[in-house]
Amino acid sequence: MWLAEVVRRAFEGLDRAGQWLATLPIRLLLAFEFGNAGLEKLRGDNWFAHIQDDFLFPFSILPVGLSWFLATWTEILAAIALVIGLGTRFAVISLIILDIVAWHSVHAGNGYNVCDNGWLLPLFFMVMLVTLLFTGPGKLSVDALIKAGTKYKIQG
């Protein structure tokens, strides 16, 4: 009986810690990957003209420069949002749209393998993004602080 109680308490401790920490590594990994991609676009040449015909509508009809700007700044700003956990679900929805467009226009025709620029990596990103969409950023985030602050409004 005492072993069952020890296990129960350990799992309760993990549950409490998970509310604070479980999504943090996902947020940081996605922020690193998308942030680096955005910074590479910021410093690099626009190569979207080569694949614009493969973009999904309505991105296929946007000027190439605008598409490049939107992708670059979505990746950079969403990465910052993910690190601090501010507007997390908005950032995640933006990255899901970006990931779908990238998957369709860049990765889908290359097969599964990451080494061949295939669709495995965008699939991993999508799984992590959908997880954050449904769970939120966790308690270690600005979003959680804002949510807690709205529960305890100071009256004066």
Pairs, first closer than 17 Å to residue 97 by Cβ and assigned to a helix (DSSP H, G or I) in the stretch 122-136, second open to solvent by less than 60 Å² (accessible area, probe 1.4 Å) and of a type in the set (S, T, N, Q), C-beta under 9 Å, six or more apart: 131/23; 132/23; 132/88; 133/88
Candidate set: the stretch 50-68, residues that are of a type in the set (A, V, I, L, M, F, W, C) and either open to solvent by less than 10 Å² (accessible area, probe 1.4 Å) or not in a helix (DSSP H, G or I) (or both); chosen: the one farthest from residue 144 (Cα to Cα): 51
Verdict on residue 118 being over 16 Å from residue 25 (Cα atoms), over 10 Å from the mean Cα position of the chain (by Cα) and touching a residue at least 40 places away in the same chain (Cβ under 8 Å): no
Single residue of 114, 106, 127 found to be modelled with pLDDT of 90 or more and out of contact with any strand residue (DSSP E or B) (no Cβ under 6 Å at 6 or more places or on another chain): 127
Single match in 108, 102, 71, 79 (criterion: over 16 Å from residue 32 (Cα atoms), of a type in the set (A, V, I, L, M), assigned to a helix (DSSP H, G or I) and touching a residue at least 12 places away in the same chain (Cβ under 8 Å)): 102
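The values are calculated or read from the model by the stated rules, or taken from the named source; none is laboratory data. Note that this is a predicted model, so its numbers are computed, not measured. Every residue, glycine as well, gets a Cβ built from its backbone with ideal geometry; the counts of neighbours run over all protein chains shown. Quick note on the areas: whole protein, heavy atoms, side chains included, nothing else; ligands and nucleic acids left out. Shrake-Rupley method; radii C 1.70, N 1.55, O 1.52, S 1.80 Å.
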